[in-house]
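**Q** The structure is given below, and queries will be raised subsequently.
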Amino acid sequence: MPVPCARFAFALLFMAVTAIQVPAAAAPDEPGVAVYAERRARLMAQMPKGAIAFINASKPLSDNLVYRPDSNFWYLVGIGEPNTVAVLRPDAPQGQRYTLFNETRHWETERWTGYRIGQEEAKTRFGVDAAYPIDDLDKQLPELLRDASSLWIYDGGDEKFRDRVTAAWKRQAVGKGVAMPVYELSPTIGQLRLIKGADEAGLLRHAVDLSVQAHLAALPLAQADTGEWALRAAILQVCASGGSAHMPYPPIVGSGANSVVPHYEEDSKLMKQGEMIVNDSACEYDMYAADVTRSYPVGGSYTPEQKAIYDIVYKAQEAGRAKARLGAEFHEINDATIEMVVDGLLQLGILKGDRAELIAKRGYRSFYPHGSSHWLGLDVHDVGSYEFSRADNSLPEKERMARRQALVTLKPGMAFTIEPGIYIPADSKDVDPKWWNIGVRIEDDFLMTEKGVECLSCALPRDTASLEKLIQAGAKRRGK
Ligand SMILES: [Mn+2]
C-alpha cells in the first residue's frame with residue numbers, strides 16, 4: 001500500500017463524490033531570471049580560466065509542429081525562441097560575461113513566426129549583458145574568440161552551428177603555437193541538471209499532480225468496446241487544460257496484445273472485456289516531465305492470473321522503493337526489482353531454473369526487458385550524472401553511459417522513476433497460455449529530499465482494489 005498521506009485521503013474522499021476528479025493544485029510560479037543567472041554562474045564556475053562557451057537553441061521546426069526549446073538551452077537561458085545563441089565568458093569583467101545573439105523584432109516576420117523578444121527585451125527582461133542580431137554572429141566570432149584559450153560548445157542538435165564555430169576557432173589557432181582545445185559542454189550541463197533546485201521540484205510536482213488527474217480521468221473509460229484512443233483523449237484533455245504546452249511523450253495505452261509492448265504508441269485498438277491495459281501517460285508542465293504508469297483490466301476485474309502478475313510487479317516496485325535511500329547507489333533499485341520479479345515468476349512456474357543463474361545471466365529479460373528507473377526532469381529520460389573515474393572506457397559508448405548513470409549515489413534533488421514491469425507475449429515458449437498477453441507496469445515518480453525519498457505520484461491508487469473500484473464506477477455511469 002502507498003504510504004497514506006493527507007492528499008491521498010482527501011483524493012479518495014473527493015472521488016467518492018465525483019468518481020474521477022481530484023482538486024487541482026495551484027500552478028507554481030515560473031522561475032525568475034535570477035534562477036537562470038544562478039545556473040549560468042554555476043556552469044561558469046566549473047569552466048577553466050580563459051574558457052568561452054557557446055550554447056545554441058534547437059533548430060526551428062516545420063510549420064505543423066509546436067516548437068519546444070532544447071532542454072539544455074532552456075535550463076541555462078530560459079528563452080524559448082529558435083535561432084538564439086548564448087555566449088558565456090567567465091573571465092570577462094562583470095557585466096560583459098553574457099552575450100546573446102537572437103532574432104530581431106520585425107513585424108513582417110513576427111506575424112508568421114510569432115512575437116520575438118528582440119535585443120532590447122533580452123537585456124531588460126532576461127538579464128543579458130549584450131544582445132545582437134543572430135545574423136551578426138559570424139561577423140563577431142573572431143573578436144569573441146580572440147583571447148579565449150578553450151572552447152566549449154553545446155550545439156542544440158545543430159552540427160552546422162558547431163562546424164561554423166569550430167572553423168572560426170581553428171582560424172584563430174593558426175600561428176598561436178599552443179593547444180586550442182574544444183570541449184563538449186553537455187556532460188557538465190547534465191551534472192547540473194541532475195540535482196533539481198526548489199523551483200524545479202515545484203514544477204515537477206505540478207506536472208505529476210496533473211498526470212495523476214489525467215489518469216483518474218482515464219480509468220473509468222477502461223470499458224469493453226471502447227477504443228484505446230478514448231483513454232488517450234482523456235489524458236490529453238486533462239494535460240492541455242491544466243496548461244501543458246507539450247506532452248513529454250505520446251500516451252501509451254496498450255490493451256491485450258498491446259499491453260506487452262512497453263512503447264506501444266498507436267492507441268488504435270478497440271478494447272475487449274477482461275484484457276489488461278498498460279497506460280503509461282503523463283503531462284509536462286512548464287517544460288518538466290512526469291512519467292506515470294498504471295495497469296488494469298478492461299471492465300475492472302483482475303483475473304487471478306492478472307492479479308498474480310500484478311502482485312509481483314507491485315512488490316518489485318516496493319522493493320525498489322525501499323532501496324531508494326540517500327547515499328544508496330542508483331542501481332540498487334533496479335537490482336531489487338529484478339530479484340522480486342525473478343522470485344515471483346519462479347513461484348508461478350513462468351520462469352524455470354536456478355535463481356542465481358537467472359539473475360546473473362539475465363534470464364528474466366524476455367519478461368522484464370527494461371530497467372526499473374531513469375532520471376526525470378526537463379526530459380522524460382533526463383540527462384544523468386557521469387562519474388567518469390569509475391567508468392570503464394573500454395566499453396561501448398552506450399553501455400558506458402548506462403553504467404555511469406548506474407554508479408550515481410542518491411542525493412537530495414535527484415528525481416527518478418521506479419517502474420518494474422512484466423510482459424508475457426502470446427506464444428511464449430513453455431509458458432501456460434493462461435498467462436499470455438498479460439502486461440503489467442507500475443511506474444511512479446520520486447524525489448530525493450534531505451529527509452529521504454518522496455513519492456510524487458502515489459496519490460494515484462496503485463492497489464488492485466482501488467483501481468477496480470474506479471473502473472467499475474465508470475461502468476455504472478455508462479449504465480452497463
Ligand atoms: Mn518511464
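**Q** Whether any residue in the stretch 267-275 is under 21 Å from the mean Cα position of the chain (by Cα), open to solvent by less than 30 Å² (accessible area, probe 1.4 Å) and hydrophobic (A, V, I, L, M, F, W, C) is what I want to check.
**A** Looking through the stretch 267-275, none of the residues is under 21 Å from the mean Cα position of the chain (by Cα), open to solvent by less than 30 Å² (accessible area, probe 1.4 Å) and hydrophobic (A, V, I, L, M, F, W, C).
**Q** Quick one: which residue in ASP163, ASP129, ASP158, ASP147 is in contact (Cβ under 8 Å) with a residue 40 or more places away in the chain and under 24 Å from PRO48 (Cβ atoms)?
**A** Exactly one of ASP163, ASP129, ASP158, ASP147 is in contact (Cβ under 8 Å) with a residue 40 or more places away in the chain and under 24 Å from PRO48 (Cβ atoms), namely ASP147.
**Q** Same structure again: For the stretch 127-149, give me each residue that is open to solvent by 30 Å² or more (accessible area, probe 1.4 Å) and either out of contact with any helix residue (DSSP H, G or I) (no Cβ under 9 Å at 6 or more places or on another chain) or not in a loop (DSSP other than H, G, I, E, B) (or both).
**A** TYR132, PRO133, ILE134, ASP135, ASP136, ASP138, LYS139, GLN140, PRO142, GLU143, ASP147, SER149
**Q** For the stretch 220-234, state whether one or more residues are of a type in the set (Gly, Ala, Ser), at pLDDT below 95 and buried (at least 16 other Cβ atoms within 10 Å of the Cβ).
**A** Checked against the condition, which is being of a type in the set (Gly, Ala, Ser), at pLDDT below 95 and buried (at least 16 other Cβ atoms within 10 Å of the Cβ), the stretch 220-234 yields no hits at all.
**Q** What tally of residues in the stretch 356-387 results from selecting those that are within 16 Å of the ligand (Cβ to nearest atom) and open to solvent by 30 Å² or more (accessible area, probe 1.4 Å)?
**A** Matching residues across the stretch 356-387 total 6.
**Q** Across the stretch 88-122, which residue is nearest to ALA34 (Cα to Cα) among those that are open to solvent by less than 80 Å² (accessible area, probe 1.4 Å) and in a helix (DSSP H, G or I)?
**A** ALA122
**Q** Further question on the same structure: Is it the case that some residue within the stretch 303-312 is away from the ligand (no atom under 16 Å from the Cβ) and outside any helix (DSSP H, G or I)?
**A** Among the residues of the stretch 303-312, at least one is away from the ligand (no atom under 16 Å from the Cβ) and outside any helix (DSSP H, G or I), which makes the answer yes.
**Q** Does the stretch 265-292 hold any residues that are more than 28 Å from PRO31 (Cα to Cα) and within 14 Å of the ligand (Cβ to nearest atom), and which are they?
**A** GLU265, VAL278, ASN279, ASP280
**Q** Within the stretch 326-339, does at least one residue satisfy the condition of being within 16 Å of the ligand (Cβ to nearest atom) and open to solvent by 20 Å² or more (accessible area, probe 1.4 Å)?
**A** yes
**Q** If you don't mind, another one. Of the conditions (1) at pLDDT 95 or above; (2) within 16 Å of the ligand (Cβ to nearest atom); (3) out of contact with any His (no Cβ under 9 Å at 6 or more places or on another chain); (4) farther than 23 Å from MET340 by Cβ, ALA240 satisfies every one except a single condition; which number is it?
**A** Condition not satisfied by ALA240: (2).
The values are calculated or read from the model by the stated rules, or taken from the named source; none is laboratory data. Please read these numbers as outputs of a predicted model, since none were measured by experiment. Note that we place each Cβ from the backbone using ideal geometry, even for glycine, and neighbour counts take in every protein chain shown. Please note that ligands, DNA and RNA were not included when accessible areas were found on the heavy atoms of the full protein model with its side chains. Shrake-Rupley method; radii C 1.70, N 1.55, O 1.52, S 1.80 Å.
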